[in-house]
Amino acid sequence: MRSPPVDTEDKDLPLRDDIRLLGRILGDTVREQSGEAVFDIVERIRQSSVRFRRDEDIAARRELAETLNSTPPGEPLQIIRAFSFFSHVANIAEDQHHIRRTRAHALTASAPREGTMADALSRPARPVSRHGACSRAIRYWRARSATASRISTRSTICRSSC
């Protein structure tokens, strides 16, 4: 029996909050290290990109192209670094969110989440041949996933204590 679906809005709110916080901190760092001019260009590129992608805004595309084409020499590297660092901190936030969600599921002892290995292994095995190759494979992966779970728990503990 599966647990009722959790509203995506509720479960991803902490992730969005973390990304916003890290983005603000990164923005402050860019402003401090590279100056207000670089920060303004990064923000203009970011906002134009979002409007173009979200709304298919042609004016935003033109603004984005104009901003990119008029970037002074020497600043593209700083701008690329800012977006690269944002990508890294967003990935870290996603990793932490995944750990947070996994921990929440473990604490509530809920049914395995759809799409996880635990979900696939909890389903009844159906042999694909008369020799039961599929059943043997599932038994093998169940044994391996128990080991992987212990390893994952240890790496999470190590990561959180470092």
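All of the numbers you see were taken from the coordinates with simple rules; none came from a lab. Given the structure is predicted, the values throughout are model-derived calculations rather than measurements.
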Amide H within-cut-off set for A111, under 5 Å, with H built and near neighbours excluded: S3
Whole-Hz ³J(HN,Hα) from phi, Karplus 6.51 cos²θ - 1.76 cosθ + 1.60, for region 108-116, glycine and proline x: 8, 6, 6, 4, x, 6, 4, x, 8
Mean separation of Cα contacts under 8 Å, 6 or more apart, over the residue count of region 34-133: relative contact order %: 19
³J(HN,Hα), Karplus 6.51/-1.76/1.60, whole Hz, each residue of region 15-31, x for Gly, Pro: 5, 4, 4, 4, 5, 4, 4, 5, x, 5, 5, 5, x, 4, 5, 4, 4
